[in-house]
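Here is the structure we will look at, set down as structure tokens.
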Amino acid sequence: MKTLKVLTWVVLMGMAVACSASQTPDEMATSGEGTATATEAGASEDTELNVVRSVMTAARQTAMSPDEALQKLKDGNARFVRGEELNRDYSAQVEATAEGQYPFAMVLGCVDSRAPAELLFDVGFGDIFKARVAGNFVNDDVPGSIEFATRVAGAPLILVMGHTSCGAVKGACENVQLGHVSSLVNEIRPSVEAVTPEGETCSASNAELVDKVAAHNVDRTIAEIRNESAIIAELEAAGEVKIVGAMYDISTGVVQFYE
């Protein structure tokens, strides 16, 4: 068993190293024509066309603190809300990330079509890892994805993001029992029971209560990540990784962060 664990870890490290072995940070820093200069988002842009072609590099990821990673998400959402998203050359970024990736954050969010993390945070190819499940809770597989994103691939930030008017939360409020939907409803029910006032029932039509349940579910998910992953707990204790909660308002585009 010990040998199997060692071999498994070697394979995981090989997966991360393989992402970067064929490309240097300098090669990934710029792509296409033009001279690259720093922008407020920490990316590089063509001074003539104002087009972002650069991607995250190993050097930038290593130098980035969890707080700096969080600020990048905050800045990106602020640009999104203002309608001032960066102009990216996605073809150049696809080419630059083909043989290496150095994301600065792992985002656990809902499958809701109205909450696409890359757009909400105005990020490009190779910037963030994403795990999505209806209701943004932790099942048996999610901790492994988060451990890979942080311990193996080096992302310094974990963001658990719920959102307003969440269909999965509404289903949990109504205690919907339908095929595999029942299992995700059961995962969220503890938050329904914790937030619903005594003597009352949670209804999908009660928007305020639904959003309170969603916010509680974010907090509970963060606690479960810490409890279920010794690796994440150790990284957080060492200050190498930060876990933050957030709620996205689907009517305004604003992400409210809970630190």
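Every number in this text was worked out from the coordinates using simple rules, so none of it is lab data. Source: prediction; values computed, not measured. Glycine gets a Cβ as well: all are built from the backbone with ideal geometry, and neighbour counts include every protein chain shown.
Within a 10 angstrom radius of the beta carbon, how do 80, 104 rank from fewest other beta carbons to most?
So the residues, fewest neighbours to most, are 80, 104.
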>> Strictly over 19 Å apart at the Cα level, which of 130/212; 130/170; 170/212; 130/242 would you flag in this model?
In response: 130/212; 130/170
> Which order do 86, 120, 108, 235 fall in if you start with the one that has the fewest other Cβ atoms within 10 Å?
Replying inline: 86, 235, 120, 108
> Using the count of nearby Cβ atoms within 10 Å as a rough guide to exposure, how do 213, 51, 192 rank from fewest to most?
Replying inline: 51, 192, 213
